[in-house]
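These notes are about the structure you will find just below.
The values are calculated or read from the model by the stated rules, or taken from the named source; none is laboratory data. Keep in mind it's a predicted model, so treat the numbers as computed, not measured. As a convention, Cβ positions derive from the backbone with ideal geometry for all residues, glycine included, and neighbour counts pool all protein chains shown.
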Amino acid sequence: MSDDSDEYVYDEATGEWRPASEIAAAAAEALVVRDAAGNVLADGDSVALVKDLKVKGTSQTLKQGTVIKSIRLTDNPEEIDCRHESIKGLVLRTEFVRKR
């Protein structure tokens, strides 16, 4: 039996009304973000750069081995949001980082 307080969402793929919690769980499972070594990344993880990266818009280069703390996942599984001491709003591709 279903609970009357549960919200339902119309699923266009199946043409059925499904519980919102079920749709959210399926979306969370579909978005798996992996680093260069294939490790699964999550919000708040620390990563290290696997190669030197020139930062667009600045004259700075982030060196291999630089640790980036407290990453945030984005809607794109190939990109992560992060901060560095001198660079705010930094977006890195997951192919250039590995989990610490």
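Overview of results
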| read-out | value |
| --- | --- |
| Test result for Ala36, in a loop (DSSP other than H, G, I, E, B), in contact (Cβ under 8 Å) with a residue 24 or more places away in the chain, small (Gly, Ala, Ser) and touching a strand residue (DSSP E or B) at 6+ places or on another chain (Cβ under 6 Å) | yes |
| Yes/no for Arg18 being assigned to a strand (DSSP E or B) and out of contact with any Phe, Trp or Tyr (no Cβ under 7 Å at 6 or more places or on another chain) | no |
| Subset tally (residues that are over 17 Å from Phe96 (Cβ atoms), without any contact (Cβ under 8 Å) to a residue 12 or more places away in the chain and either part of a strand (DSSP E or B) or of a type in the set (D, E, K, R) (or both)) for region 41-66 | 0 |
| Tally, over region 59-99, of residues that are within 13 Å of the chain's Cα centre (by Cα) and among the polar types (S, T, N, Q) | 4 |
| Residue that is farthest from Arg93 (Cα to Cα), among those in region 40-65 that are modelled with pLDDT under 95 and among the polar types (S, T, N, Q) | Ser59 |
| Single residue of Ile71, Ile87, Ile80 found to be of a type in the set (A, V, I, L, M, F, W, C), at pLDDT below 90 and surrounded by 12 or more Cβ atoms within 10 Å (Cβ to Cβ) | Ile87 |
| Residue in region 67-74 that is touching a residue at least 24 places away in the same chain (Cβ under 8 Å) and touching a helix residue (DSSP H, G or I) at 6+ places or on another chain (Cβ under 7 Å) present | no |
